[in-house]
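Q: Starting off with a structure, shown below.
The values are calculated or read from the model by the stated rules, or taken from the named source; none is laboratory data. Worth saying up front: this structure is predicted, and the values here are computed from it rather than measured. Counting neighbours? That spans all protein chains shown, and the Cβs are built from the backbone with ideal geometry, glycine included.
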Amino acid sequence: MIVSTMSSRPDRSRYLQRGSAAVCALLLATMLGGLAFALVQTGFASGRWHARADDSLQALEAAETGIARAEQEVQSQTDPGGDGVGTLSGTYAGSRFTVTATADANPEYFRLVARGQHGRSQRQVEVCVRLKPTAGWGYGVFGRSSTKIGGSGTMTDSYDSRLGTYASQAVNSDAGGPYARSSGGIGSNGTIQLQGLVHGNANAGPGLTPNLTGGGVVTGNITPLSVPMDLPATPYADFAAANLINQNGTWGTTGSAIYNPVTKNLAVSGGGSLTLSGGTYFFSSLSLSGGSILKVTGPVKIYITQVGSLGGGGIVNVTGLPANLQIFQHPYALPVGLAPAKKLMNTLSVAGGSGAALTVYAPYTDVAVTGGGGIYGSIIADNLQAQGGAQFHYDEALGGLGGSGPPKLTRVYWRDVAQPKR
Amino acid sequence: MRPLAAQRGFTLFEITIGFALFTGLIALLGSVYASSDGLARQCMSTMSAHEEHRRNLDALANLCRAAATDKFTGFDVANTSTAPSFQCVTGANAGVRVLGPVQTISWRANKDKATGVVTGELVVTQNSVATVIARHVRGGSFRATLMGNTLRLTLTTYDAVGDNKPALVSGDVSVALRNTP
């Protein structure tokens, strides 16, 4: 019985055929598997290379973050971590950085070396920064070329207008009489000639010491500046804007007042007064003579391009805050068409008095302080002269005033210490 | 007694059909393999070109990052150059920057074989010594554009492995120059 035989005895050749197919399939699968494995490996290798490249960039970013933070420390001269100004470490977006700051032989320069690390990649960056002093407002008076103050009763000191009036703070006394604080320094990028008492420092230009005559006394140091103070001219754009938009004509006057709206020349004489409310005023020339006074009732900025003569009856800043009367002077050819002022036409005279609270920023203008009254605030001039025994009471609140202010940080160079290999 | 079916051979018709089927199957598999292989090669080639391209751009960026902005030369009126020269800042002496030697990046031909592509590489020449900085760069594709403190570098990288149809990758990198006057 063939049928029964076939059902009871499996066909052996068919098994053999199935076996060979399985071997072929296995071989094919192995081949394809190997190929796939190779491709996957290649993909992974490529991925790893890209990851390394990314890590390198992130390490560089971390190093630069560290540099930025170190620069902040150097600029503010603070040391939150207690490890030295500019030296710090930290993390940023999963990366780590450490910065080491080294002071240069020149005290203005710092070298910052930052190391950033992300994964196994490291980058090292070196930056040299310069902390350039621009704190002209740190002095009661500062002459870009020279400072010459003297006369009987000449004295400088400081107070803080945020704490009250000068009178309320003048509780100290010495041979020169009552005074408030001892931060009323004087300075110059050039020479200093002093006859009087300075409650503060007297810092002349590099390599120079103050010439103390007639019993001149300095209670602070007389160390010369290591480098000249950076005193840039007030930007032309500021003057041009003030020339274009101002509150000229909105003032109140008494006495004789003549104003030319074309040349923006104002002259007040005959014992009159000029009262300015808060705002910006622009003049080619401003003259107060014959005992005329300048009265300020709000925050005022005055821009002058030719001659300023405020030596009449004095200045009365009723707000009592020097920051509320800011005078800027520079010989720009403004209003348009006006020739730039020559040296002799570029002067400012200021008379002191009990209400003379003001700041003057005129680093390219010769400024003369007339009379023996008090000046509350700060004056920056080219050649500054005060020979009438004036008293300068520097307002410490001016430290953060714009136009000068804190030291300026500049980068000298940047370099990649360990550039990654290609 | 062996079953009749096991003893019986194949007819010519069966063998012909079987052979035809087998040949068709092999041909099908072969064509699938060939197209897969081509695709795989193309993918590999493109991937390789991308890798090389990024390597080139990174190397160029690292080279130029420390260059002094005011020391770039060789640019036309549109501030574009195909062979820019520059100097990197290496330090400072008494507050004055110390500059390294003049370096020039330029393209030069090489002996790569890639159909339809002018093959070459970018070299940086310093003191008359040329060093390869970017490999497999197509001729005429490299240019540098200076925009203020930013240097933009553009180039096309090819894959030298792909002999028939090399993969091409174009792109640019903008480098914020750190040393401004």
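Q: Going residue by residue through region B:150-170, is there one that turns out to be buried (at least 20 other Cβ atoms within 10 Å of the Cβ), under 26 Å from A:Arg415 (Cβ atoms) and among the charged types (D, E, K, R)?
A: no
Q: Output the number of the condition that B:Gly120 fails; it satisfies all remaining conditions of (1) more than 14 Å from chain A (Cβ to nearest Cβ); (2) more than 13 Å from the chain's Cα centre (by Cα); (3) free of Cβ contacts under 8 Å to residues at least 24 places away in the same chain.
A: The failed condition is (2).
Q: Right, A:Leu28: surrounded by 15 or more Cβ atoms within 10 Å (Cβ to Cβ) and within 11 Å of chain B (Cβ to nearest Cβ) or not?
A: So A:Leu28 does not fit the description; no.
Q: Taking region B:34-77 as the region of interest, how many residues are in a helix (DSSP H, G or I), hydrophobic (A, V, I, L, M, F, W, C) and either farther than 30 Å from B:Ala92 by Cα or more than 19 Å from the chain's Cα centre (by Cα) (or both)?
A: The number of residues fulfilling the criteria is 8.
Q: Only residues that are on the phi > 0 side of the Ramachandran plot, surrounded by 16 or more Cβ atoms within 10 Å (Cβ to Cβ) and without any contact (Cβ under 8 Å) to a residue 60 or more places away in the chain: list them for region A:227-270, please.
A: Answer for region A:227-270, where residues must be on the phi > 0 side of the Ramachandran plot, surrounded by 16 or more Cβ atoms within 10 Å (Cβ to Cβ) and without any contact (Cβ under 8 Å) to a residue 60 or more places away in the chain: just A:Gly255.
Q: With respect to B:Asp70, is the statement that it is surrounded by 15 or more Cβ atoms within 10 Å (Cβ to Cβ) and of a type outside the set (Ser, Thr, Tyr) true?
A: On the way: surrounded by 15 or more Cβ atoms within 10 Å (Cβ to Cβ): no; of a type outside the set (Ser, Thr, Tyr): yes.
So B:Asp70 does not fit the description; no.
Q: Additional query: With the requirement that a residue be part of a loop (DSSP other than H, G, I, E, B) and without any contact (Cβ under 8 Å) to a residue 40 or more places away in the chain, what does region A:139-167 give you?
A: Correct list: A:Leu163, A:Gly164.
Q: Right, here's the next one. Scan A:Gly82, A:Gly86 and give me the residue that is modelled with pLDDT under 90 and at positive phi.
A: On inspection, the qualifying residue turns out to be A:Gly82.
Q: Kindly indicate the residue of region B:46-64 that is within 8 Å of chain A (Cβ to nearest Cβ) and of a type outside the set (A, V, I, L, M) and also farthest from A:Val125 (Cα to Cα) among those meeting that condition.
A: For region B:46-64, the residue satisfying everything is B:Glu51.
Q: Please tell me if B:Phe22 is in contact (Cβ under 8 Å) with a residue 24 or more places away in the chain and out of contact with any Asp or Glu (no Cβ under 9 Å at 6 or more places or on another chain).
A: Criteria not met by B:Phe22.
Q: If I go through region B:78-105 residue by residue, how many of them are buried (at least 17 other Cβ atoms within 10 Å of the Cβ), part of a strand (DSSP E or B) and touching a residue at least 12 places away in the same chain (Cβ under 8 Å)?
A: Within region B:78-105, residues that are buried (at least 17 other Cβ atoms within 10 Å of the Cβ), part of a strand (DSSP E or B) and touching a residue at least 12 places away in the same chain (Cβ under 8 Å) number 11.
Q: Taking region A:167-193 as the region of interest, how many residues are farther than 15 Å from A:Ile222 by Cα and either of a type in the set (A, V, I, L, M) or crowded, with 23+ Cβ neighbours inside 10 Å (or both)?
A: Residues in region A:167-193 being farther than 15 Å from A:Ile222 by Cα and either of a type in the set (A, V, I, L, M) or crowded, with 23+ Cβ neighbours inside 10 Å (or both): 6 in total.
Q: Collect the residues in region A:194-217 that are surrounded by fewer than 22 Cβ atoms within 10 Å (Cβ to Cβ), closer than 23 Å to A:Glu396 by Cα and among the hydrophobic types (A, V, I, L, M, F, W, C), keeping them in residue-number order.
A: Scanning region A:194-217 gives a single hit, A:Val217.
Q: Could you tell me whether any residue of region B:103-110 is more than 30 Å from A:Asp104 (Cβ to Cβ), modelled with pLDDT under 95 and basic (Lys, Arg)?
A: No, there is no match, as no residue in region B:103-110 is more than 30 Å from A:Asp104 (Cβ to Cβ), modelled with pLDDT under 95 and basic (Lys, Arg).
Q: Scan region B:149-160 and give yes if some residue there is within 14 Å of another protein chain (Cβ to nearest Cβ) and under 13 Å from the mean Cα position of the chain (by Cα), otherwise no.
A: Scanning region B:149-160, I find at least one residue that is within 14 Å of another protein chain (Cβ to nearest Cβ) and under 13 Å from the mean Cα position of the chain (by Cα), so the answer is yes.
Q: Let me confirm something: among A:Gly337, A:Gly353, A:Gly311, which residue is touching a strand residue (DSSP E or B) at 6+ places or on another chain (Cβ under 8 Å) and either on the phi > 0 side of the Ramachandran plot or at pLDDT 85 or above (or both)?
A: The conditions single out A:Gly353.
Q: Out of all the residues in region B:5-33, which are assigned to a helix (DSSP H, G or I) and not hydrophobic (A, V, I, L, M, F, W, C)?
A: We begin by selecting, within region B:5-33, every residue assigned to a helix (DSSP H, G or I); these are B:5-7, B:12-33.
Listed by number, the residues that qualify are B:Gln7, B:Glu14, B:Thr16, B:Gly18, B:Thr23, B:Gly24, B:Gly30, B:Ser31, B:Tyr33.
Q: Looking at the structure I just gave you, is B:Ala67 within 11 Å of chain A (Cβ to nearest Cβ), small (Gly, Ala, Ser) and closer than 30 Å to A:Ser46 by Cα?
A: In short, no.
Q: Which one is nearest to the other protein chains (Cβ to nearest Cβ) among residues in region A:388-408 that are part of a strand (DSSP E or B) and modelled with pLDDT of 85 or more? Walk me through how you get there before you give the answer.
A: At the first step, the residues of region A:388-408 found to be part of a strand (DSSP E or B) are A:391-395, A:408.
If we keep only those that are modelled with pLDDT of 85 or more as well, we get A:391-395.
Working: A:Gln391: 39, A:Phe392: 33, A:His393: 36, A:Tyr394: 30, A:Asp395: 33 Å.
This residue is A:Tyr394.
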